[in-house]
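Q: Below you'll find the structure I mean.
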Amino acid sequence: MGALRDPTVRTATIAMADWPKGQPPLRVALLSDLHVAGPDMPPERLARIVTQVNALRPDLVLIAGDLVSDKRVSTHRYAETEAVAPLGGLRARHGVVAVLGNHDHWRNTAGMRRALEANRVTVLSNSVTRRAGLILAGADDDFTGRADPAALIRAVAPLTGPVVTLSHSPDIVPDLPERFGLVLAGHTHCGQVALPLIGRPATMSRYGDRFACGLIREGARTIVVGAGLGTSVLPIRIGAPPDLWLIELTAPAAPATAAAAR
């Protein structure tokens with residue numbers, strides 16, 4: 001069953017403007033849409049995925065929301081504390097940072113935040129934090145109308161350094177200026193069902209397929225949209241297997257010198 005596969009590890013190397021001089025590249029793991037619920041994502045499966053992530057030796061782990069799922073066909077609904085407990089096993093020298101998604105807010109906003117913070121996960125809500133020379137700008141959920149791009153812009157304005165935006169939904173992208181050059185998101189599940197010839201019946205994005213899946217480049221901006229780990233509505237995946245991303249962030253390539261060009 002596609003929904004139960006070990007997540008595919010997708011990789012990318014992304015050059016960041018304003019990279020701090022002399023700073024080595026950073027390995028960032030992006031997880032999204034864990035949707036902990038029976039039958040397909042019990043906490044035991046999430047714990048195995050945590051082991052898989054740790055084996056990649058990321059410097060930083062980012063989680064793009066929807067930790068739980070309350071789909072009607074769930075065979076078991078886990079309390080917030082039980083659902084996110086495996087995340088306490090994540091190992092990254094610059095920590096773990098998350099934003100909440102629509103399912104988290106529908107379940108219990110305060111409870112999800114408390115459960116995550118109890119497992120050493122920093123939760124951002126239209127706010128920023130610094131990690132390893134990066135400005136991490138965490139948007140609250142756009143799908144439920146909680147995102148505040150203006151607040152993020154104000155928070156980032158006085159700061160220097162490369163900006164990485166973490167958002168549950170990629171739909172926040174058009175509301176951000178060019179300085180927000182890298183946006184990491186989930187929510188679409190890459191369609192969860194992607195059929196030959198027909199494509200994706202739904203992406204849950206008001207922009208259709210524009211931000212549906214994967215590595216997207218629009219001018220100087222890069223968007224990465226993960227397929228997610230769990231499922232929503234039905235515990236199935238067809239043509240859109242679960243995935244996580246391991247992204248190397250680095251300085252832009254040095255321009256060739258005149259001598260090298262000759």
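The values are calculated or read from the model by the stated rules, or taken from the named source; none is laboratory data. The model shown is predicted, which means the values in this text are computed figures rather than measured ones. With ideal geometry, Cβ positions are generated from the backbone for all residues, glycine too; neighbour counts draw on all protein chains shown. Heavy atoms of the whole protein, side chains included, go into the accessibility calculation; ligands, DNA and RNA do not. Shrake-Rupley method; radii C 1.70, N 1.55, O 1.52, S 1.80 Å.
Q: Consider only pairs whose beta carbons are under 9 Å apart and that are at least six residues apart or on different chains; among these, list those whose first residue lies in segment 110-137 and is without any contact (Cβ under 8 Å) to a residue 12 or more places away in the chain and whose second residue is in a loop (DSSP other than H, G, I, E, B) and of a type in the set (Asp, Glu).
A: Close Cβ pairs (under 9 Å, with a partner that is in a loop (DSSP other than H, G, I, E, B) and of a type in the set (Asp, Glu)) do not exist here.
Q: Please tell me if Thr160 is β-branched (Val, Ile, Thr), assigned to a strand (DSSP E or B), open to solvent by 10 Å² or more (accessible area, probe 1.4 Å) and over 24 Å from Ala227 (Cβ atoms).
A: Details: β-branched (Val, Ile, Thr): yes; assigned to a strand (DSSP E or B): no; open to solvent by 10 Å² or more (accessible area, probe 1.4 Å): yes; over 24 Å from Ala227 (Cβ atoms): yes.
Against the criterion (β-branched (Val, Ile, Thr), assigned to a strand (DSSP E or B), open to solvent by 10 Å² or more (accessible area, probe 1.4 Å) and over 24 Å from Ala227 (Cβ atoms)), Thr160 does not qualify.
Q: What's the number of the only condition in (1) assigned to a helix (DSSP H, G or I); (2) free of Cβ contacts under 8 Å to residues at least 60 places away in the same chain; (3) within 18 Å of Val121 (Cα to Cα) that Arg57 fails to meet?
A: (1)
Q: What residue, of Pro25, Pro58, is of a type outside the set (Phe, Trp, Tyr) and surrounded by fewer than 19 Cβ atoms within 10 Å (Cβ to Cβ)?
A: Details: Pro58 fails: surrounded by fewer than 19 Cβ atoms within 10 Å (Cβ to Cβ).
Of Pro25, Pro58, the one residue that is of a type outside the set (Phe, Trp, Tyr) and surrounded by fewer than 19 Cβ atoms within 10 Å (Cβ to Cβ) is Pro25.
Q: State whether one or more residues within segment 102-118 are at pLDDT 95 or above, of a type outside the set (D, E, K, R) and part of a strand (DSSP E or B). Talk me through it step by step, then tell me what you get.
A: The first filter runs over segment 102-118 and keeps only residues at pLDDT 95 or above, leaving 102-118.
Now restrict to residues that are of a type outside the set (D, E, K, R): 102-103, 105-106, 108-112, 115-116, 118.
If we keep only those that are part of a strand (DSSP E or B) as well, we get none.
No; the residues of segment 102-118 include none that is at pLDDT 95 or above, of a type outside the set (D, E, K, R) and part of a strand (DSSP E or B).
Q: Any residue at all in segment 115-130 that's farther than 26 Å from Thr81 by Cβ and either of a type outside the set (Phe, Trp, Tyr) or surrounded by fewer than 18 Cβ atoms within 10 Å (Cβ to Cβ) (or both)?
A: From segment 115-130, those farther than 26 Å from Thr81 by Cβ are 128, 130; that's our starting set.
So of that shortlist, the ones also either of a type outside the set (Phe, Trp, Tyr) or surrounded by fewer than 18 Cβ atoms within 10 Å (Cβ to Cβ) (or both) come out as 128, 130.
Yes: segment 115-130 contains one or more residues that are farther than 26 Å from Thr81 by Cβ and either of a type outside the set (Phe, Trp, Tyr) or surrounded by fewer than 18 Cβ atoms within 10 Å (Cβ to Cβ) (or both).
Q: Also: Identify the residue in segment 82-95 that is open to solvent by less than 10 Å² (accessible area, probe 1.4 Å) and under 17 Å from the mean Cα position of the chain (by Cα) and, among all such residues, is nearest to Gln52 (Cα to Cα). Step through it out loud before you land on a result.
A: Filtering segment 82-95 for residues open to solvent by less than 10 Å² (accessible area, probe 1.4 Å) gives 83-84, 87, 90.
Subsequent filtering for residues that are under 17 Å from the mean Cα position of the chain (by Cα) retains 84, 87, 90.
On the way: Val84: 16, Leu87: 12, Leu90: 10 Å.
Once the filter is applied, the top-ranked residue is Leu90.
Residue-by-condition table, conditions (1) under 21 Å from Gly161 (Cα atoms); (2) loosely packed, with under 15 Cβ neighbours inside 10 Å:
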{"site": "Arg217", "(1), (2)": "yes, yes"}
{"site": "Arg221", "(1), (2)": "yes, no"}
{"site": "Gly239", "(1), (2)": "no, no"}
{"site": "Pro255", "(1), (2)": "yes, yes"}
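Q: Let me ask something else. Select from segment 177-193 the residues that are open to solvent by 10 Å² or more (accessible area, probe 1.4 Å), assigned to a loop (DSSP other than H, G, I, E, B) and in contact with a strand residue (DSSP E or B) (Cβ under 7 Å, 6 or more places away or on another chain) and list them in ascending order.
A: Glu178, Arg179, Gly181
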